[in-house]
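Every number in this text was worked out from the coordinates using simple rules, so none of it is lab data. Please read these numbers as outputs of a predicted model, since none were measured by experiment. Here the Cβ is made from the backbone with ideal geometry for all residues, glycine too, and neighbour counts use every protein chain on show.
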Amino acid sequence: MSESTSQSATTAAQKGGHGAPAPAHGGHDAHGAHGGHGGPHLAHHFDTYQQQFDAGKLGIWLFLLTEVLFFSGLFCAYTVYRGMHPEVFVYAHYFLNTTMGAINTCVLLISSLTAAWSVRNAQLAQRKLLVLNIVITIACACTFMVVKFFEYEHKFHDGLLPGPAFHPTEQVWELESFKHKHPEAAEYAEKLTKAAEEKDKAKAAPVAVAAGSTVAPETGVFEKPTEEQIEPLIKAGVIGPMAEDPTRPSKPRNAHVFFGIYFFMTGLHGIHVLGGIGVFIWLLLRANKGEFGPKYFGPIDYAALYWHLVDLIWIYLFPLLYLIH
Amino acid sequence: MTASISTLASAASGLFGAEPTLPKLPDSPYFWMPPSASVTTGNTDALWDFMVWMSLFFTVAIAYAMFRFCTKYRAKSRAANEIAEKTSEHNTMLELTWSIIPLFIVVPLFVGGFKGFVDLRTPPKGAMEIRATGQKWKWLFTYPGLGTPDDALHVPVNTPVRMVINSVDVLHSLYIPSFRTKMDAVPGRYTDLWFKATQVGEFPIFCAEYCGTSHSDMITRVVVHAPGEYEKWLAGTIAAADSLVGVDRGKMLYEKQGCATCHSTDGTPKVGPSWKGAFGKMEAMTAGPPIKVDENYLRESMMDPQAHIVAGFAPAMPTYQGKLSDKDIDGLIEFIKSLK
Amino acid sequence: MASPSATADVVAPRSSSSDNYLTHDKGVLSWIFTLDHKRIGVMYLCSVLFAFALGGLFALLVRTELLSPGHTIMDHDTYNQMFTLHGAIMVFLVIIPGIPAALGNIIMPLQLGAKDVAFPRMNLASYHLWIVGALFMLSSLAINAVDTGWTFYTPYSTTTSTAVVPAAFGAFILGFSSIFTGLNFIVTMHKMRPPGMTWFRLPLFCWALYSTALIQVLATPVIGITLLMMIIERTVHIGIFDPTLGGDPVLFQHFFWFYSHPAVYIMIVPAFGVIGEIIPVFSRKRIFGYKFIAISSLAIAFLGFLVWGHHMFVSGQSVLAGTIFSAITFLIAIPTAIKVFNWITTMYKGVIHLDTPMLYALAFLWVFTIGGLTGVFLAVMSVDVHLHDTYFVVAHFHYVMMGGAITAFMGGLHYWWPKFTGKMYPEKAGRIGATLVFLGLNVTFFPQFILGSRGMPRRYYNYLPEFQPLHVLSTLGAYTLGIGFLLTAFYLWKSLKNGKTAAANPWGGATLEWQCSSPPPYYNFHKAPVVSAGPYDGYENLMYDEAIGGYIPRKSSSST
Amino acid sequence: MADSDKPENADKEPKSMQGSSEEQPPEPREDATAPNPKLEPTEQDEPEEAARRDAPLVADGHSGHDSHGHGLAHTMPIWMLVSVLAALMGLTILTVSVTSFDLGSQGNLVVAMVIATIKAALVVTFFMHLFWDKKFHLILFMTALLFVVLFLAMSITDRGEYQRNIDLYQSTTSTTPSK
């Protein structure tokens, strides 16, 4: 096999180990061709293809292990913060586009299928199908990234950024997703806001909005609100103890943390997708040269396993970030 | 207001010197430990002694075995090619014995440690409460209705005291070796520890959690007053109210409120800019146009330190909102003016 | 050891310097891009030793500063940076890769009877990552050296003005380097064992490396993500750890110690492995309780994951969590005790040769016993409240890390030096060095126990004058240590030039690495070893030959 | 966990090693590790070498449980792959649609997590063909999950324990982020 491919193996191995077990296929070139031992794809230090394949397989599984624990930190942070500030998550999820999330989920699932299929193709030496499946996988991965890009772009535009940069241009109750879900609450929030603004104009004491109760009775702007009007707003920390501004409907304290976690989790996942794309492009080139067959399909199998794990993580991210009730 | 009044009192009682003087490590009856001056130390010291002897026993035993074997079975030379006589290669009974024995030792240790720990963590009801606020690099001890009269912590003997601890910047840890207790000060929450001093005297207090540049200068002392003395001290504190104004008040606050840890009065820049000749100077800011150091700027930098940072300094100063009365602020401004 | 027949296969008892891994290829590139585990190991060894010198230098500076309270030779901030760099370098650059990646890389495949590790490229990548990580970490030194302590505790690490990010990112990269090594070793030991090398014929060094590798693979990713989060927190302020933004600093400590406590076992378990090799060989006697030692390594590795909270008894962690962690911590005493007792028993009725490696092993037993027992003090919750973050802790982990891991590393270095280089080091100088190190170690760190129990907090630049005498004593010990290591470095360097040629098996070891010439041939074995006996069997079939200064099979048994 | 699987392997792995050793005597190795790498393969070992290399290596769908001797690995039949995908799609639609109903305080979260776990299980079992894979890989994966659970459990338990100190602090002081 040419030095160039084996070189790319090294680089793949170095970039976070995505190509990690790939070394299994190379190595003998560097040791000089000692005898016909091993054939083109059997590294000098293995005796059989079986041994080489098993080694690579164990290797990739261990690598997946590290990936799982790598993400566990983020999931831990997520759980802790959600347990601590549920209202922030309720508030924030109105800003997320569930449709896009769902589309991305499906796209990833399809790519997972083609990845798994490509392993079969490699095992059965169906070169054309193999190439096709890898191409579809890459295509899906790219689609995923494009959708993600538009999501991010949208968030940036709406000022939904982590940390101090967090300045949402829209109030949560102005969002379609909120209006559609709790129409009464939405317009009630509107009313409160107007009332508060009038008070400001009138240089009067700010409207006191306490949990559960409504505008200070003496103002008597309007009657006691119904559950439908008040509940969603409190749940989302728009009014009540968690709200940032006690005088009017606002956002919950530390709402920015959700977007910190959101960007961190999806971003890290996105990086893994990009890594996957890289690996699959490399495999596409090799598959095109017809390097894979029943005796040697390890790299495809390993890459597919990695890809499934990326899919796996998304399977959890989707409900945790997009489907908060 | 009370804060400032009391602060003064300590000034009046002449407790302040330019540099916080290091407390003296009290002589201890023990070799390992400092004197034990709180009710909770019994558990700790007992466990400690037990473990010291246990360790001594095992260390000596192992060292002896090593030495004995090395001398008794020492090879003559490689050339002699002696062959070790066969002995059994494993002995499950033996293995089990020395797996079980440590178990028997550690279980009581765990239980004892647990008991002591729960004691240390559960203050008795009705304990007197004192707030300890860690900041870079000073402890502020706040007494109910009294503000922060003194660098040192003052407590009456034989009275349970609960320290309610928090931090305004980074992690600190309130550590009183003679009371065998310690608790981290964590920003964003309260932690607490308690003790009941059994000995009149002065004992050192350290910051035990690394907190940056002057971590090791965050040393002060706890003064345990004899019965009656504590009340006298309080009385004195309040009585001596309000004697200082203007520059003197500023000077005293400068030392008591921890300004001295970051701002010099001799022109050498420390963590913050020096106060010498600061007043009236045009200062370049890290952000925005230069600002003239006048009353307004000084007041702002005490109430909202991060608002305008003098170029070349880190935004390290905690806010003094609520810690300083107007009178205090005026005093400090006067003091700064006085430093030509 | 391998069957007599295999022993007979030792081609040249005197090392055949004609073609070995050192001379096989020429040129710098042949080293930088080599895929040979031995060469990668040697590169690791050199880099680690360099880092060790650097970290040691910082240590000496720190000790010198502590000769007197307040300013001695440097100011507050410099001191804080010094101890931070000392800690970070020693932990991330020296001890963690020290035994596994440097010694293990060279020896483990040889002991296993494998031609190479399972993934040579990954092995090389691991080394290259180590270099990159080290450069990042040191770049912080050039910019504005990090001053957070090696623990990177928030919120200090997210607010200090020093160059935290490069240092943390360096540690992040080093984490991957360590993962690659661990992953590689696990696969190698599963898939590359030659015929007859069953699990319970693995040398204890391999068992130790296997346990270590498991920890590396399972724990290191967590420090990776933690440091990443810390970096993001510092740069973007996402508010996970920073209380002013709604975060929780104690959570960071959980994250950090979930890795960093197991990491303690990444550092010490390989040391157990080295000691388990040296003691039987220099006692000419089978190791006592092989299976118990082997399994106890795994037990320690597993338990090591469940005790991280004992670093947090006074951090504001809840009493409940503290209790659970404390209870489990005590369990670790058991497998540890098993090991120590078994090593001692191995020496019983042996034929003990007190050469340098054995001296280091004995030093290890003494020092590790103290280090281990003082660990019990810190596991007892109420006592830990007093001792936490004092010099007692400093002394304890230096007895374990410096006294345990580094002593074992030195022992292993001397034990395998002939195999690495094909040269013998001067024995007398070696013994002097070992003695100096042993004395220096105890003089340096024992006084710190007393300082700690008397209340001297760690990471202190300034301290009460009453503490000074003990500090001075400790500093003198540190200088002794320095001299000891300098001497060692000197004679080892000399021996490369004019040391006398080493025999294939100078100590009479029965594990496979002693069957190939010193230094080993490029392909490790001229003939595939067929293993038919345990790693410590049949010392009686070997006899010492003055002429070659090494062991050869006894005539009587060599024919079978 | 980690140690529990060791003995099982200790006697399984070596068997496989011996197995492979019988079919390849040391000669080829000697050649492989010959001092002079330029050396061409000797005639007598080439055939069996080749024989071993060209042995059929793909297992048929059913005998893949222990891939030793049967080929490199198990091959997934297409119908299985496709039906798994269908199932996953179905579950995705389900989990999205279920969010429109209110199932009590944590109900929705629980349901969502259960569905996600089922999906994950499907992917792992079929797409990652762990079902036909070596048991040790399963053990490894489970170990990973075990440690994740340990990690989360302890951190979150502790957090829950001291949560009230934080709430107390936040109620007594105003800790709105300084923007």
Among C:82, D:154, what is the fewest-to-most ranking by other Cβ atoms within 10 Å? D:154, C:82
Top mean-square fluctuation among B:327, B:138, B:125, Gaussian network model of chain B, C-alpha springs under 10 Å? B:125
Using the Cα gyration tensor of the protein assembly as shown, with a ≥ b ≥ c the square roots of its eigenvalues, what is the shape: rounded (a/c below 1.5), prolate (a/b larger than b/c) or oblate (neither)? oblate
Fewest first, what order do C:112, C:470 take by the number of other Cβ atoms within 10 Å? C:470, C:112
For a protection proxy built on the mean count of beta-carbon atoms within 10 angstrom, sort C:303-315, B:76-88, A:183-195 highest first, please. C:303-315, A:183-195, B:76-88
Entries of C:423/C:497; A:57/D:119; B:138/B:323; C:419/C:500 with Cα pairs more than 18 Å apart: A:57/D:119
Which entries of A:295/D:134; B:24/B:327; C:26/C:191 show an alpha-carbon separation above 29 angstrom in the structure shown? B:24/B:327; C:26/C:191
Please identify, among B:291, B:176, B:62, the residue showing maximal mean-square fluctuation in a Gaussian network model of chain B using a 10 angstrom Cα cutoff. B:62
Neighbourhood net charge (11 Å Cβ-Cβ; Lys/Arg +1, Asp/Glu -1) for residue A:243: 0
Charge dipole magnitude, Cβ of K and R +1, D and E -1 - the protein assembly as shown, Cα centre, debye nearest 20: 2520 debye
Of all beta bridges DSSP finds with both residues in the protein assembly as shown, what is the antiparallel percent, to the nearest 5? 75 percent
Relative exposure of C:546, C:277, A:174, C:233, judged by other C-beta atoms within 10 Å (fewest first): C:546, A:174, C:233, C:277
Using 20 Å bins from zero, what percent of all Cα-Cα pairs in chain C falls into each bin? 22, 56, 21, 1
With +1 at each Lys and Arg Cβ and -1 at each Asp and Glu Cβ, the charge dipole magnitude of region B:86-229 around its Cα centre, to the nearest 20 debye, comes out at 260 debye
Compare B:303, B:66, B:51 in a GNM of chain B, Cα atoms joined below 10 Å, and give the one with the largest fluctuation. B:66
Theoretical ellipticity at 222 nm over the protein assembly as shown - DSSP helices of four or more residues, -39500 (n - 2.57) apiece, nearest 500: -18500 deg cm²/dmol
Of the trypsin sites (Lys or Arg not before Pro) in region C:20-115, which ones lie in a loop per DSSP and count no more than 10 other C-beta atoms within 10 Å? C:26
So for region D:77-128, using the alpha carbon gyration tensor with a ≥ b ≥ c as root eigenvalues (a/c under 1.5 gives rounded; past that, a/b versus b/c decides prolate or oblate), I'd call it oblate
DSSP-assigned coil residues among trypsin sites (Lys or Arg not before Pro) in region C:457-560, each with at most 12 further Cβ atoms within 10 Å: C:500
Candidates per chymotrypsin sites (Phe, Trp or Tyr not before Pro) in region D:80-179, loop by DSSP, up to 16 other Cβ within 10 Å: D:101, D:131
Summing +1 for each Lys or Arg and -1 for each Asp or Glu, what net charge is found among the other residues whose Cβ lies under 15 Å from the Cβ of residue B:127? +2
Euclidean distance of C-alpha centroids, region A:261-322 and region D:125-173, integer Å: 23 Å
Angle between the Cα long axis of helix B:326-338 and the longest principal axis of chain B, 0 to 90 degrees, nearest 10? 80 degrees
Dipole axis of the protein assembly as shown (+1 Lys, Arg; -1 Asp, Glu on Cβ), positive-most option in C:420, C:430, B:329: C:430
Shielding by partners - mean other protein chain Cβ count within 10 Å, residues of C:336-349: 5
Determine the sum of side-chain charges near residue B:291: Lys and Arg each +1, Asp and Glu each -1, restricted to other residues whose C-beta is under 12 angstrom from that of residue B:291. -1
Need one word for region B:37-194: rounded, prolate or oblate. Basis is the Cα gyration tensor (sqrt eigenvalues a ≥ b ≥ c); a/c below 1.5 gives rounded, then a/b vs b/c decides. prolate
